[in-house]
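First the structure, which I've put down as structure tokens, then a few questions once you've had a look.
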Amino acid sequence: MHLYHGTFIDAPAQDELRVRKDHYLLVEEGVIKAVFHYVPEKYATLPVTTLAGTFCIPGLVDLHLHASQLALCGINMDLELLPWLQSYIFPEEARFASEEYADQLYAHFSNALLKSPTARACIFATIHSKATLLLMDKLEKSGLITYVGKVNMNQNAIPELEEDDRAARDTRAFIEAAVEKYQHTLPIITPRFVPSCTKELLSVLGELAEEYDLPVQSHISENKREIAWVKELLFPQASCYGAVYASFGLFGGKRKTVMAHAVHCTEAEIDLIRERGVYLAHCADSNINLASGIAPIQRYLKEGLRVGIGTDIAGGSQLSMFRAVCDTIRVSKLLAERMDDTSVIVTFPEAFHAATKTGGSFFGKVGIFDEGYEFDALSINDDTLIIGSPGTFEQRVERVFYLGNNEAIVSKFVGGKQLF
Ligand code: GUN
Ligand code: FE
């Protein structure tokens, strides 16, 4: 057992930033057992760590990103989704057939993610099993807690990046290698998106998810041309994009699922997402860069959908979840202007809650500083960001998200373990 002393700021409810100054967390085996504003007599002899920063926030949860696209961050911003994938993304991902390339790129990725505000993440790799296991080795060593998907895709890409009839066998072998090997790095079933997968492949993935009881991640309703393609050419009989995944057992219900984007959902699709408890990963920076549009996040929140936040690199150009939280707020303001309706604006506490407690719940009891929750924390020092008066703690957190970078994070704990 251990006591951590500091000022703890979290978002227990959607529109509430809670500040507890000078408190103590009692942590045992990575889990918060109690929260005190003094040290009770019976714990007086326990070791106490006073956290080095000025305050602590929960580690952030990146619900959607592509480790294999790190090298393309910040370039190739001239195309929409489908031509962008064909021209830039698929050729880059094909390079991960080389284990040497994968080793080098994934070392960069794991280091960058470790230093970032992210504690937990849902990550896409590529179709290559060996490279994906290399990524998992590195993430396991980092101490971060992640789901990692070997991507599945067998049509409509480039020949070097399409799986053949060995896809089912390879994916099963990948899952068996991964489920036994790691503690903090777990496999997740990852159909790239509907246009990339034949019915046969989606069907096999549904079976594997069921057999190994694995969660699912993919993309949904991101771009208008993508949606039209799914509807008119690929699955004309489906009631909506999400219904295609659902028909293969890849869309929530007992299958924990996260879908990135949901920019242009139909009413029926929103209902399906809610009914099946599917998590959405809102990726505002990516939606700007690829001219995808603005997802109506405030509406989703009001309707009780589970909305988390993702960086979606390299659609998004920044790995920082600080930035992804602010982008969520910023794009909601553009939507407010377009709709002439300020009620669609996402507030700072709402975006913070999405990136901590909602995203965290994909991983269990994660994302706030309460009894029974895993201890994931960023200790923050905001000295260099303050000009004049520091302001309230609520303002100081907001300033760190808008102006801060990795330098503001002086220590990071994930599942009770200090990573730096
Ligand atoms: N849809 C299918 N693949 C991708 C991808 O790699 N990035 C984004 N943003 N959308 C996708
Ligand atoms: Fe993506």
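The values are calculated or read from the model by the stated rules, or taken from the named source; none is laboratory data. Computed from a predicted model, the values in this text were never measured in an experiment. With ideal geometry, Cβ positions are generated from the backbone for all residues, glycine too; neighbour counts draw on all protein chains shown.
Determine whether ALA97 is of a type in the set (A, V, I, L, M) and within 15 Å of ligand 1 (Cβ to nearest atom).
no
Taking segment 152-168 only, how many residues are closer than 23 Å to CYS122 by Cα, without any contact (Cβ under 8 Å) to a residue 60 or more places away in the chain and outside any loop (DSSP other than H, G, I, E, B)?
Looking only at that region, the number is 3.
Within the group PHE348, PHE413, which residue is touching a helix residue (DSSP H, G or I) at 6+ places or on another chain (Cβ under 7 Å) and surrounded by 17 or more Cβ atoms within 10 Å (Cβ to Cβ)?
The unique qualifying residue is PHE348.
For segment 324-333, which positions are under 9 Å from ASP285 (Cα atoms) and more than 13 Å from the chain's Cα centre (by Cα)?
Residues satisfying the conditions are ASP327, THR328, VAL331.
While we're on this one: Would you point out the residue of segment 15-24, among those that are touching a His at 6+ places or on another chain (Cβ under 8 Å) and at pLDDT 95 or above, that is farthest from LEU51 (Cα to Cα)?
Among those residues, the one meeting the criterion is ARG20.
May I ask you to verify whether GLY149 is small (Gly, Ala, Ser) and within 16 Å of ligand 1 (Cβ to nearest atom)?
yes
Can you name every residue in segment 363-403 that is closer than 22 Å to ALA281 by Cβ and either part of a loop (DSSP other than H, G, I, E, B) or of a type in the set (S, T, N, Q) (or both)?
Those that are closer than 22 Å to ALA281 by Cβ and either part of a loop (DSSP other than H, G, I, E, B) or of a type in the set (S, T, N, Q) (or both): PHE363, GLY364, LYS365, VAL366, GLY367, ILE368, TYR373, ASP376.
Turning to a different aspect of this structure: What tally of residues in segment 103-134 results from selecting those that are hydrophobic (A, V, I, L, M, F, W, C), more than 16 Å from ligand 2 (Cβ to nearest atom) and buried (at least 24 other Cβ atoms within 10 Å of the Cβ)?
Total satisfying the criteria: 2.
Here is a follow-up. If the Cβ limit is 7 Å and pairs must be 6+ apart or interchain, which residue in segment 302-323 that is among the basic types (Lys, Arg) pairs with which residue that is in a strand (DSSP E or B)?
As it stands, the answer is ARG306/TYR279; ARG306/LEU280, since those pairs meet every condition given.
Of (1) in a helix (DSSP H, G or I); (2) in contact (Cβ under 8 Å) with a residue 60 or more places away in the chain, ALA260 satisfies all except one. Which?
Condition not satisfied by ALA260: (1).
What's the number of the condition ILE175 fails, among (1) within 16 Å of ligand 1 (Cβ to nearest atom); (2) without any contact (Cβ under 8 Å) to a residue 40 or more places away in the chain; (3) crowded, with 19+ Cβ neighbours inside 10 Å; (4) closer than 28 Å to SER129 by Cβ?
(1)
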